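One structure below.
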Amino acid sequence: MRIAVVQWGRTGAGPLFAQELARALHEDGASVVVSYSLDAEIAGRFTELGVPAFGVRTYRDRRGAVLGLPRLLAAAVGLDRFLRRHRVDVVVIAMEQLWQGVVAPVFRLGGRRTLLCVHDATMHPGDHSGIEHLLRRVERRVADGAVVFSNTVAGRLASLGAFPADRIHETVHAAYRVDPGRAARPAGSSEVPVVGFFGRLSAYKGLELGIRAVEELRSRGIRVRFRVVGSGADASVAALRHEDDEVQNRWVAQDEIEDVVGGFDLALLPYTEASQSGVLAYTMALGVPAVVTPVGGLAEQATASGSAIVATDVTPTALADAMASVLTDDEFARALSEAGTAAASGPMSWARVAADVRQAATAVNRR
């Protein structure tokens, strides 16, 4: 059985997830080919895999997505020829993407099967787009099965009727691979601990909730630097006026993420809605303890990794309590750090995900 891993995103988690998955499948002995965006921030990593690859010139904004439709038609024809030439049996779509929705029927030509990695059962609040919602439905409709990364998403997909329960295959969100020489700072090594918030500044990420939790933590006499790093237009940023607050409202390049997250003593994920988190996939790999809210698959991911504390409620007080339990106990913080790095090389590894995806691909290939 030959597997194609496809993801045409330019930035963010999509290309990274696809590259990590293709690499893990290749290392697991699977016969793999890839299709990726030539405009991807990490395009070079796909060529470094040493497997057959089909690159597609995509777009940089929505206007470009529309104007590039003639180019997309040529790409669709080229992709079909590529998949036929390499006798691909199963196409694994690593993450949903706008143009992929347009050409989704191509994945099924020639009797090929399609396995769709579904990271979120529904679009996040504030991320909804009519055309993207429509094309997401197309990708799901042509898929023979889904791979999900939490029981929460599995249940939600089944309840929505997107896939029958027996066509939903569950795995974990693996820890991203990081520089093996990159170790978290020992607990208690910072004179003033850095509590970090990293990621897109979107409404559901709960920055306002996080700010209030840090304020309560400080009111208890626990001094922390609160570092917020990420791009977006969240109005809550204006409330960060304390002398120990630091804001870097900017896009963070892929090769910067390890340094950003590795610079935290404690990561704070005060999300009000989540399926799972790529940020947590970095914190566990880097051995950075984390505190998360008890929402969606985020709590599952945190518990499975052993690297994060799940707050008892989605409130500033509950988050402050959880942060205090880590910041005032160096041994506890060290235990969380060690649990994270152990999970990253074991139950939350890409080897685990590759094995699960191969099993799911075999199942859809037999249909």
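The values are calculated or read from the model by the stated rules, or taken from the named source; none is laboratory data. Here the structure is a predicted model, which is why all the values come from computation and not from measurement. Cβ coordinates were reconstructed from backbone atoms using ideal geometry, including for glycine residues, and neighbour counts include every protein chain displayed. Only protein heavy atoms, including side chains, enter the accessible area calculation; ligands, DNA and RNA are left aside. Shrake-Rupley method; radii C 1.70, N 1.55, O 1.52, S 1.80 Å.
Mean residue ellipticity, 222 nm, helices only, the chain: the sum of -39500 (n - 2.57) across DSSP H runs of n ≥ 4, divided by residue count and rounded to 500, is -12500 deg cm²/dmol. Around the amide H of VAL147, modelled in the peptide plane, lie the amide H atoms of LEU116, CYS117, VAL118, HIS169, all under 5 Å away and 5 or more residues distant in sequence or on another chain.
Model label sites at ARG200 and THR272, defined 7 Å from Cα along the beta-carbon direction, differ in position by 1.7 nm.
Computed from the C-beta positions of ASP244 and SER31, the FRET efficiency with R₀ = 51 Å rounds to 0.45. Charge tally around ASP255: other residues with Cβ under 11 Å, Lys/Arg +1 each, Asp/Glu -1 each, net -4. Using just the C-alpha positions of the chain as equal point scatterers, what log10 of I(q)/I(0) does the Debye formula give at each q in 0.07, 0.12, 0.15 1/Å? For the chain at q = 0.07, 0.12, 0.15 Å⁻¹, log10 I(q)/I(0) is -0.31, -0.88, -1.30. Using only Cα atoms and rounding to the nearest 10 degrees, what angle (0 to 90) does helix 151-160 make with the longest principal axis of the chain? Tilt relative to the chain: about 50 degrees.
Work out how much length ARG85 to THR303 would gain on full extension: take 0.36 nm times their residue separation and subtract the Cα-Cα distance, in nm to one decimal. If you can, show how the numbers build up before the last one.
Details: separation 218, 0.36 × 218 = 78.48 nm, distance 4.36 nm.
Taking ARG85 through THR303 to full extension adds about 74.1 nm, to one decimal.
Give the angle, between 0 and 90 degrees and rounded to the nearest 10, that separates the Cα long axis of helix 69-85 from the longest principal axis of the Cα atoms of the chain. Relative to the chain, helix 69-85 is tipped by roughly 70 degrees. Peptide packing: for 316-325, 106-115, the average count of neighbouring Cβ atoms within 10 Å per residue gives the ranking 316-325, 106-115, highest mean first.
Amide H contacts of ILE309: ALA290, VAL291, VAL292, each under 5 Å away and 5 or more positions distant or on a separate chain (H built 1.01 Å from N in the peptide plane; Pro and chain starts excluded). Across the chain, C-alpha contacts under 8 Å between residues 6 or more apart give a mean separation that, scaled by the residue count, equals a relative contact order of 17 percent. Remark: segment 190-242 carries 44 Å² of accessible area per residue (probe radius 1.4 Å; ligands, DNA and RNA excluded).
Carbon and sulfur: what percent of segment 247-292's accessible surface (1.4 Å probe)?
Percent of accessible area from carbon and sulfur atoms in segment 247-292: 48.
Computed from Cα atoms, the angle from the helix 330-344 axis to the main principal axis of the chain rounds to 10 degrees.
Which of the three applies to segment 193-284, rounded, prolate or oblate, going by the alpha-carbon gyration tensor with a ≥ b ≥ c and a/c under 1.5 meaning rounded? Rounded shape, in that the Cα axes give a/c under 1.5. In the full protein context, segment 308-353 carries 44 Å² of accessible surface per residue, based on a 1.4 Å probe and ignoring ligands, DNA and RNA. Were the residues from TRP251 through LEU160 laid out at 0.36 nm apart, the gain over their Cα-Cα distance would be 29.4 nm.
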